[in-house]
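Trainee: Handing you a structure now.
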Amino acid sequence: MGWIETSERLPGVCDVVLVVFDGEFALAWLNPGGEWLAAADAAELPAPTHWRPLPPPPGDEGETVEVRIAVSVSPDGNWGAAGGSGLDHLDALGHCGHDRGDRLCWVTARVPLPRVVGVAGEVEG
């Protein structure tokens with residue numbers, strides 16, 4: 001996927017992407033309030049003109065699963081997170097301790113499935 005103009009489409013909230021602004025490149029994410037923050041230190045960045053998703057890591061990715069986790073941050077900085085294949089959106093919100101006034105963020109990622117490795121030996125019993 002190539003560069004996407006921010007005037008045409010924005011990435012998902014809290015998705016880390018590659019952005020360009022004033023001829024500079026940065027890894028950044030868009031917070032729920034609409035501010036662009038640097039991925040490294042959460043410093044506020046100028047509004048980018050373009051963005052693009054990050055490529056998958058090099059190597060043998062194998063099978064992956066997409067995970068989505070609800071993260072809730074209270075005004076005093078306390079946070080909670082919840083997710084799971086059996087939870088719907090409302091269940092996840094309840095499990096992460098979401099209250100009125102909290103900022104809610106959904107974090108989405110592709111995670112490699114663990115490889116099943118055989119163990120040499122015998123089973124007794």
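The values are calculated or read from the model by the stated rules, or taken from the named source; none is laboratory data. Since the structure is predicted, the reported quantities are computational estimates derived from the model, not experimental observations. When we count neighbours, we look across all protein chains shown, and the Cβ atoms used for this are built from the backbone with ideal geometry, even at glycine.
Trainee: Just to be sure, is P75 modelled with pLDDT of 85 or more, over 17 Å from the mean Cα position of the chain (by Cα) and in a loop (DSSP other than H, G, I, E, B)?
Mentor: no
Trainee: Which condition number does V13 fail, the rest of (1) over 30 Å from P75 (Cα atoms); (2) assigned to a loop (DSSP other than H, G, I, E, B) being met?
Mentor: Here V13 clears every test but (1).
Trainee: Could you check how many residues of segment 16-50 are assigned to a loop (DSSP other than H, G, I, E, B), out of contact with any Asp or Glu (no Cβ under 8 Å at 6 or more places or on another chain) and free of Cβ contacts under 8 Å to residues at least 12 places away in the same chain?
Mentor: Number of matching residues: 5.
Trainee: Condition test on R52, is it among the basic types (K, R) and either at pLDDT 80 or above or surrounded by 15 or more Cβ atoms within 10 Å (Cβ to Cβ) (or both)?
Mentor: Taking the combined requirement at face value, the residue satisfies it.
Trainee: Kindly establish whether E63 is over 14 Å from A109 (Cβ atoms), modelled with pLDDT of 90 or more and surrounded by fewer than 10 Cβ atoms within 10 Å (Cβ to Cβ).
Mentor: So E63 does not fit the description; no.
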